[in-house]
1. Dipole of the chain (Lys/Arg Cβ +1, Asp/Glu Cβ -1, origin at the Cα centre): which of Tyr225, Leu198, Gly215 lies farthest to the positive side?
2. Given Cβ point charges of +1 (Lys, Arg) and -1 (Asp, Glu) and nothing else, what value in debye, to the nearest 20, does the dipole of the stretch 78-190 about its Cα centre take?
3. Please work out the Cα center distance from the stretch 191-229 to the stretch 23-94, rounded to the nearest Å.
4. What is the magnitude of the charge dipole of the chain about its Cα centre, with +1 placed on the Cβ of each Lys and Arg, -1 on the Cβ of each Asp and Glu, and no other charges, expressed in debye to the nearest 20?
5. With +1 on each Lys and Arg Cβ and -1 on each Asp and Glu Cβ, how big is the dipole of the stretch 142-229 about its Cα centre, in debye rounded to the nearest 20?
6. Restricting to DSSP H runs of at least four residues, report the calculated mean residue ellipticity at 222 nm for the chain, -39500 (n - 2.57) per run over all residues, nearest 500 deg cm²/dmol.
7. What are the radius of gyration and Dmax of the stretch 97-229, computed over its Cα atoms and given in Å?
8. Determine, from the Cβ-Cβ distance of Arg50 and Gln173 and an R0 of 35 Å, the FRET efficiency 1/(1 + (r/R0)^6), rounded to the nearest 0.05.
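What follows draws every value from the coordinates through simple rules; no lab data is involved. Every value quoted in this text rests on a predicted model; they were computed, and no experiment measured them. Don't worry about glycine lacking a Cβ; one is built from the backbone with ideal geometry, like all the others, and counts go over all protein chains shown.
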Amino acid sequence: MKGVIKRVRFPLDIMLTCVRWYLAYALSLRNLEEMMLERGVFVDHSTIHRWVLKLTPVLEEAFRKRKRKRGVGSVSDSWRLDETYVKIRGKDRYWYRAVDKQGNTVDFSLTAKRDRHAARRFFARAVKNNGVPRVANIDKSGADKAGIEDFNRENGTDVTIRQCKYFNNIVEQDHRAVKRKTRPILGFKEFRSARIILGGIEIMNAIRKGQMLGGKNLSPAQQFYSLAA
């Protein structure tokens, strides 16, 4: 973290507070600028945006290292996979997401296309970070089915593919947490910034779900700030 915040004139706690508020709540950058001004801190909304893009990848990496592997809050072997669209420069891009049957976040990834190759890459990423699941539930998407079949064939795995919209209600409901927070953004300008911000929203949600080690007796805010330690 020290290498990331060189030559900045604001204390780290102020920067982290702004980043957390932006990722945790449905606030615009200008909302945050006004909120900080009310607290006697003048910081331009564009500066807050730079903080989000600079600090969030470091915090996400720290969270992945501390994500629960066993016990309550860990990912089970029954997954639900789906994707939702996001606007980047007015064009549809796709936010692939997976949760387990308890609603715990498995993984996420932003892609330019929605096809079997994107589905396969996302599934491979999720397996790399969480292990091979027993069951992967998807909707009626032929691309998702083909992508997982490609993964099974290439890796000698036998993940059961189940296409049942009812079972995917969990991940579809979970999409709302992302959509609600991105609504004030009114569309992203760059693919990279979209990926960083969406990833930050996901780790904040995962923290709330109790998926971070060392979070006992700590609020979600305290757990988030501890990632910078």
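1. Farthest along the dipole direction, towards plus: Tyr225.
2. Once rounded to the nearest 20, the dipole reads 520 debye.
3. 8 Å
4. 300 debye
5. Working: 15 positive and 9 negative charges, 116 e Å.
In debye, rounded to 20, the stretch 142-229 gives about 560.
6. The helix-only estimate for the chain comes to -16000 deg cm²/dmol at 222 nm.
7. For the stretch 97-229, the Cα radius of gyration and maximum Cα-Cα distance read 15.9, 44 Å.
8. On the way: r = 33 Å, r/R0 = 0.94.
Computed FRET efficiency for Arg50 and Gln173: 0.60.
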